[in-house]
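The values are calculated or read from the model by the stated rules, or taken from the named source; none is laboratory data. What you see is a predicted model, and the numbers here were worked out from it, not measured in a lab. Note that we place each Cβ from the backbone using ideal geometry, even for glycine, and neighbour counts take in every protein chain shown. Side chains are part of the model used for accessible areas, which takes the heavy atoms of the whole protein and leaves out ligands, DNA and RNA. Shrake-Rupley method; radii C 1.70, N 1.55, O 1.52, S 1.80 Å.
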Amino acid sequence: MQHRLSSSSSDLKRAYDVVVVGSGYGGGVAASRLSRAGQSVCVIEKGREFPTGSFPSRLPELRRELQLNGGKMRSGSRTGLFDFRLGADIHVLVGCGLGGGSLINAGVALKPDARVFADPVWPEELVADGLLELGYQRAAAMLRPARYPNAPELTKYRALEAASAAFGLPPVAAPVVVSFEDTVNPAGVAQPACTLCGDCCSGCNVGAKNSVAVTYLPDAKAHGADIFTELSVSHIAKGETGWRLYFAPSNDKDAVPDFVDAKTVVLAAGTLGSTEILLRSRERGLGVSDRLGEGFSANGDIIAFALGGKERVNGVGVGHPPKFVGDAIGACVAGQIELSDTCELDRSMILQEGVLPSALAPLLPVFFIAGGRLLGAAQSLIKGVYQGPLSHLHTFFVVSHDDAAGRIKLDNGSAQVDWPRVADQPVYARVDAALTRAAGAVGARYIKNPMAATNMSTKPTTAHPLGGCGMGQDAGKGVVNHKCQVFDGNSPDSVHAGLYVCDGAAIPRSIGVNPLLTITALAERAMVHLARDHNLGFDDGSRVRQEADQALI
Ligand SMILES: Cc1cc2nc3c(=O)[nH]c(=O)nc-3n(C[C@H](O)[C@H](O)[C@H](O)COP(=O)(O)OP(=O)(O)OC[C@H]3O[C@@H](n4cnc5c(N)ncnc54)[C@H](O)[C@@H]3O)c2cc1C
Ligand code: SF4
């Protein structure tokens, strides 16, 4: 049984060596590495802690975890696990809780095509100093991506195989941060083997997903970090000896802000969260690059469906304990088709089969009937989604490239993405064409957007927001340098002492693969630099390399 990681906010001290804002991949890495280095570390997270077993497994529980935020429009608790940012041009889904997006993601862990890092948008030192590779090794040693050995036997994998005939290219098993055997992980947390229940995207109630909440954060806690939840940082300002961070309880909008001081601040509140904090801080006088908010990318990411094929897919999770006993479903993503374009990187895409969480099961017939696309959905209402026509529902996740021309701005104090005509980005037409072919290969009909009649409408939605505080060679090109230090805007190279952005916000372009491994690797790399710059040490790289050799990257 895992102990709670978070403490009562009354235990929060007035000052720390380091305050880490946010607890996703970037925040987890910073908290673990800097507490190992002997720094007094405090983590402040907006969302709640979800101990294993407490994730929503029924529709009413899931509904309670939904927050919709769109400028002046908002509904749901500010600590709801699924944080939807509804924009005028594009919607964004992020995770909110101790562990950030790792709590609700599919856990696919991939390295980008080498051509991504050849783009001069990145600072030269990033690849030149060799530490990015060490970052990936360190990330893999902790998160341990693995391919499910029996993936080809899963029904949904075979369904993807049938769809892959459209491209003449078979699928491969996808590396996911899931423990497929009972284990004690590198943070010392016992993890049972994955039960193949498919519910990864509503939170793993088994404890088999190697989320930040069972890896980096327990490691940080074991090395003395103080972790606080349900507190939101509004902005930061330069204090007498370092930084002052202003925060308030997440669900009390009238609370008088409190503050905490730190010599070093690591902003790791996610692409929208970190950019939002810096935008608010700039409004109060903090010097930053004019690039702040620019370079937002959706990573060419979409979710789409196909329905009506002859063969079963088994693409709806059963949860834990299982709501339906039948063939194993599999972790959310088990297989992918890698459509690499050797001439034009931007045309490359990866098509993954996915599983919808069991808590959504009662809604699925409603959505697909409302779309009018499924004859016989009523049968699904009766038999449930596990035996009726919805057992033939394909869910596809696609990741590719866009031109990162979105802009994050403040609307009513919170981040909104401004990206006129984003739906006309060529990536969406290419993905539509590919999915139409994949659906055709299994005799199914491609369904681009079953949510068209809801608040989501037909706008694109991404779960892979990147950029806003992108890395660049200097303040004219980026918001942070290759070490994730924030440019102060005084001269092209000068940075604020002790201010870092370590999360998806620092990625200046689409990367064409699911981003968790790269976000983690960049944060690991930044911490190696921070340690070297401040003469700190946190562990022995050779052990890390050995463990990484055993993991898949
Ligand atoms: C449904 C879904 C499926 C996905 N599947 C995959 C996948 O298979 N593979 C993959 O690589 N990626 C996947 N992703 C994306 C991946 O999870 C994210 O890219 C990743 O979690 C981002 O990490 P991060 O460190 O940038 O920030 P996050 O993980 O977003 O963490 C930021 C944290 O900061 C907190 N925060 C925000 N504002 C504040 C504030 N003001 N004060 C305090 N705390 C704050 C947030 O609550 C959050 O917990 C998926 C995402 C979703 C939503
Ligand atoms: S399939 Fe189920 S048990 Fe396995 S990682 Fe996903 S949620 Fe956890």
### Query
What is the stretch 1-146 by shape, rounded, prolate or oblate, if you read a ≥ b ≥ c off the alpha carbon gyration tensor as root eigenvalues and call it rounded for a/c under 1.5, prolate for a/b larger than b/c, and oblate otherwise?
oblate
#### Entry: Dipole of the stretch 101-239 [Lys/Arg +1, Asp/Glu -1 at C-beta], most positive-end residue of Gly239, Ala190, Ser202
Ser202
### Message
Modelling each spin label as a point 7 Å along the Cα-to-Cβ direction, I'd like the Asp11/Asn535 distance in nm, to one decimal.
### Response
3.2
### Task
Using DSSP to define loop residues, name the GluC sites (Glu not before Pro) in the stretch 34-136 whose beta-carbon has at most 11 other beta-carbon atoms within 10 Å.
Glu124
### Summary
Computed, not fitted: 222 nm per-residue ellipticity of the chain from DSSP H runs ≥ 4 (each -39500 (n - 2.57)), nearest 500, equal to -6500 deg cm²/dmol
### Cβ-based net charge around Val479, under 10 Å, with every Lys or Arg adding one and every Asp or Glu removing one
0
### Query
Treating the beta-carbon of each Lys and Arg as +1 and of each Asp and Glu as -1, no other charges, what is the dipole magnitude of the chain about its Cα centre, to the nearest 20 debye?
1300
### Message
Cβ neighbours within 10 Å, averaged per peptide: list 487-494, 139-146, 160-167 in order, most packed at the top.
### Response
139-146, 160-167, 487-494
### Query
What FRET efficiency, computed as 1/(1 + (r/R0)^6) with R0 = 41 Å and r the Cβ-Cβ distance, is obtained for Phe180 and Asp403, rounded to the nearest 0.05?
0.60
### Message
Can you give me the % of accessible surface on the stretch 264-340 that is carbon or sulfur? Probe 1.4 Å, all protein chains present, nothing else counted.
### Response
48
### Task
Mind checking the per residue accessible area of the chain for me, 1.4 Å probe, whole number of Å²?
38
### Task
Roll a 1.4 Å probe over the protein heavy atoms and report the accessible area of Tyr216 in Å², nearest 10.
0
#### Entry: Local electrostatic count, Tyr246, Cβ distance below 10 Å [Lys/Arg +1, Asp/Glu -1]
+2
### Task
Would you mind checking Lys72/Lys253; Lys238/Lys263; Lys13/Lys221; Lys238/Lys483; Lys46/Lys111; Lys46/Lys238 for any pair whose Cα atoms are more than 18 angstrom apart?
Lys238/Lys483; Lys46/Lys111; Lys46/Lys238
### Query
For the stretch 69-74, in order, what is each residue's ³J(HN,Hα) by Karplus, 6.51 cos²θ - 1.76 cosθ + 1.60 with θ = phi - 60°, in whole Hz (x at glycine and Pro)?
10, x, x, 6, 7, 8
### Query
What number comes out for the charge environment of Ile227, summing +1 per Lys or Arg and -1 per Asp or Glu over other residues with Cβ under 11 Å away?
-2
### Message
Which of the three applies to the stretch 235-362, rounded, prolate or oblate, going by the alpha-carbon gyration tensor with a ≥ b ≥ c and a/c under 1.5 meaning rounded?
### Response
oblate
### Within the chain, percent of DSSP bridges classed antiparallel, to nearest 5
70
### Task
Pull out the extension gain between Asp129 and Val325, defined as 0.36 nm times the separation in residues minus the alpha carbon to alpha carbon distance; nm, one decimal.
65.4 nm
### Query
When you count, for each residue, the other Cβ atoms within 10 Å and take the mean per peptide, how do 523-531, 18-26, 355-363 rank with the highest first?
18-26, 523-531, 355-363
### Query
What ranking, highest mean first, results for peptides 516-522, 185-191 when packing means the other Cβ atoms within 10 Å averaged over each residue?
516-522, 185-191
### Message
Given axes a ≥ b ≥ c from the Cα gyration tensor, I'd like to know whether the stretch 137-195 is rounded (a/c under 1.5), prolate (a/b larger than b/c) or oblate.
### Response
oblate
### Task
Provide the gained length on full extension for the span Asp432 to Ala88, in nm with one decimal, where the gain is 0.36 nm per separating residue minus the Cα-Cα distance.
121.7 nm
### Query
How high is the FRET efficiency between Asp474 and Ala165 when r is their beta carbon distance and R₀ equals 35 Å, given to the nearest 0.05?
0.10
